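Peer 1: Can you keep this structure in mind? I'll have questions shortly.
The values are calculated or read from the model by the stated rules, or taken from the named source; none is laboratory data. Owing to the predicted nature of the structure, the values given are computational and were not obtained by experimental measurement. When we count neighbours, we look across all protein chains shown, and the Cβ atoms used for this are built from the backbone with ideal geometry, even at glycine. The area values use the complete protein model at the heavy-atom level, side chains included, leaving out ligands, DNA and RNA. Shrake-Rupley method; radii C 1.70, N 1.55, O 1.52, S 1.80 Å.
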Amino acid sequence: VHGEVDILRGLTLRSQGSLDLGVTRNSGFAPNVTRPEIGLDRPDNLTEQREENYSLLWSNTLTYNAVLGPHNFNLLAGTEVQRARWNGTTVGTTGLITQSPSYIEVPTVGGALLNPPGGWAGERAFMSYLGRLSYDYAEKYLLTFSLRRDGSSNFAPENRWGTFPAVS
């Protein structure tokens, strides 16, 4: 979703956001139909896994365009924020005494071994400040300066921010 507003002549504000949402459910069953034929000592295995995740992204830019005879200027400044979270659980069982689907839905009945449940969760965040100045003369010669400052929760606090300049 985005919106754009012309504030003054040549000055535009743009804001955009997005949401990515995921819900997953996986069920798996690995029957032990090959053990008698090839001598593998692998029991039946039933697993159930669920996961939820989302990612939010929000960007805002302010752009100014000016033309002074053969001189064209474009100035952009903005911010961008992204946040993601996820969590999930898994549970499984082995040693089933039957492969009947109605029976394996209850993994602790009949002496089956319930594997220890597992889970995971996490989150991360990113933030950026950005700026760009573009100049062209008579639409023939172009010069661009840009600067970006990015922060990420993926790194230790003393290394979370980096500055990235560029000239072309």
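Peer 1: Scan the range 124-168 for residues that are among the hydroxyl-bearing types (Ser, Thr, Tyr), open to solvent by less than 60 Å² (accessible area, probe 1.4 Å) and closer than 17 Å to Thr79 by Cα and jot them down.
Peer 2: Correct list: Ser128, Ser146, Ser152, Ser153.
Peer 1: Give Thr108, Thr89 a once-over and let me know the one that is in contact with a Lys or Arg (Cβ under 9 Å, 6 or more places away or on another chain), exposed (fewer than 15 other Cβ atoms within 10 Å of the Cβ), more than 30 Å from Arg14 (Cβ to Cβ) and modelled with pLDDT under 95.
Peer 2: Answer to the check: Thr89.
Rundown of residues vs (1) touching a Gly at 6+ places or on another chain (Cβ under 8 Å); (2) at pLDDT below 90; (3) open to solvent by 80 Å² or more (accessible area, probe 1.4 Å), yes/no style:
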| residue | (1), (2), (3) |
| --- | --- |
| His2 | yes, no, yes |
| Asp6 | no, no, yes |
| Gly10 | no, no, no |
| Leu13 | no, no, no |
| Gly17 | no, no, no |
| Val23 | no, no, yes |
| Phe29 | no, yes, no |
| Ile38 | no, yes, yes |
| Leu46 | yes, yes, no |
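Peer 1: Can I ask one more? With (1) hydrophobic (A, V, I, L, M, F, W, C); (2) open to solvent by 100 Å² or more (accessible area, probe 1.4 Å); (3) modelled with pLDDT of 90 or more; (4) within 30 Å of Gly28 (Cβ to Cβ) as the list, and Ala121 as the residue in question, which single condition is left unmet?
Peer 2: The one condition Ala121 does not meet is (2).
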